[in-house]
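Undergrad: Please see the structure below; I have some questions.
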Amino acid sequence: QFAPRVFSGIQPSGGLTLGNYLGALKRFSQMQEKGTHKCIFCMVDMHAITVWQDPAALTRSTREVAAFFIASGIDPERSILFNQSQVPEHAQLAWIFNCVARMGWMGRMTQWKDKAGKNAEQASLGLFAYPALMAADILLYHATHVPVGEDQKQHLELTRDIATKFNHDYGVDFFPITEPVIEGTATRVMSLRDGTKKMSKSDPSDMARINLADDADTIAQKFRKARTDPDPLPDDYESLSARPEAKNLVDIYAALSEQPTDKVMAEVAGMQFGTFKPRLAELAVEVLSPMSAEMRRLMQNPDEIDAILARGADRARAIATPILRRTYDIVGM
Ligand code: ADP
Ligand code: NA
């Protein structure tokens, strides 16, 4: 009944890391190449402003994330790439979903509890309603599949609850019950300073992450200084589970070289980190530098990015408009 469609969004809230590439963008472009699903990718600037964003930084960051999509292999002709606020139907459908979702559902979201913390009175109303907007992002395209990380699973569950309640309340079978995309070999990239924390732009230490904007020397230095234990690399992957920092570097190497971990272990068994780290850095530079060069080129041509996004928004609206119109009909508006 529903055509296979993938939707995913990234917040333009500044700073892109190797984690964003290996955990999200690389997988998105693999999905596009597989060709089984129409892929719709969105810079979700309306989500970003649920917490304060400097206006000039938001504009820049939106272009930067778009450049990241393109540089990492998303073809804006085969896939649809656009900026959320340019398709007003997202906000329109979100309002309807605000009226479908229950306060209690929203209050149970762990991300709300984490982000609002003890000071919920001072959090924006948008931060509370965020998951209803996310449901609108997905269901506005009747997306059947969404690639989600661990942190977004609960929100996708809520999207399914909203679709189910809408269908039930209005006695229709209109919105699909969206499935998470099976994670497969999704890489969770950890901090270079603490193998138990995820690599993130919000980490106060810049040495803990590889930024897409880092030059070759910086990348080499960060891997050289990455925390590890004094033992050489073992010959089996399983024994790395007690050595999170070492495991993280091996996982990054495997993801960047597109090799299964047992093959990597065969290659690095017995190696000292003094030998392994420069190899890893060299590989990272080899993969990231063409991408960051293309991002720099695009950022020097903002008109080119804006034109791609404007065209993407037109194509997104061609799908979204009839779905919203039909939703209004169902609701009686
Ligand atoms: P951050 O947590 O740094 O703010 P986002 O939440 O904006 O990053 O993440 C955007 C996308 O990148 C999401 O799909 C998320 O799962 C992925 N991602 C972010 N950091 C990592 C990481 N360290 N490892 C794997 N994937 C990541
Ligand atoms: Na984010």
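Undergrad: Using Cα atoms only, what is the angle between the long axis of helix 125-139 and the major principal axis of the chain, expressed in degrees (0 to 90) to the nearest 10?
TA: That works out to roughly 90 degrees.
Undergrad: Sum up the charges of everything whose Cβ sits under 13 Å from the Cβ of Ala266, counting Lys and Arg as +1 and Asp and Glu as -1, but leave Ala266 out.
TA: That sum, taken over residues with Cβ under 13 Å, equals -3.
Undergrad: Beyond 27 Å between alpha-carbons counts as too far, so tell me which of Lys115/Lys225; Lys38/Lys222; Lys153/Lys222; Lys153/Lys247; Lys26/Lys197; Lys115/Lys153 fall in that bin.
TA: In this structure, Lys115/Lys225; Lys38/Lys222; Lys153/Lys222 exceed 27 Å between Cα atoms.
Undergrad: Can you give the direction-averaged projected area of the convex hull of the alpha-carbon atoms in the chain, in nm²?
TA: Reported value for the Cα convex hull: 17.8 nm².
Undergrad: Compute the Kirkwood hydrodynamic radius of the range 12-63, taking the inverse of the mean of 1/r over all pairs of distinct Cα atoms, and give it in Å to one decimal.
TA: The answer is 12.6 Å.
Undergrad: Can you list residues from other chains, or at least 5 along the same chain, whose modelled amide H is less than 5 Å from the amide H of Gln11?
TA: Close amide H contacts, sequence-distant or interchain: Val44.
Undergrad: Tell me, what is a quarter of the convex hull surface for the C-alpha atoms of the range 90-231, in nm² with one decimal?
TA: 11.8
Undergrad: Between Gln300 and Ser124, what is the label-to-label distance in nm when each label sits 7 Å out along the Cα-to-Cβ direction?
TA: 3.4
Undergrad: For the ranges 21-30, 256-265, what's the packing order if you count other beta-carbon atoms within 10 Å of each residue, average per peptide, and put the highest first?
TA: So the peptides 21-30, 256-265, ranked by packing, come out 21-30, 256-265.
No value in this document is a laboratory result; all are computed from the given coordinates. Because the structure is predicted, anything quoted here is derived from the model rather than measured. All Cβ positions, glycine included, derive from the backbone under ideal geometry; neighbour counts span all protein chains shown.
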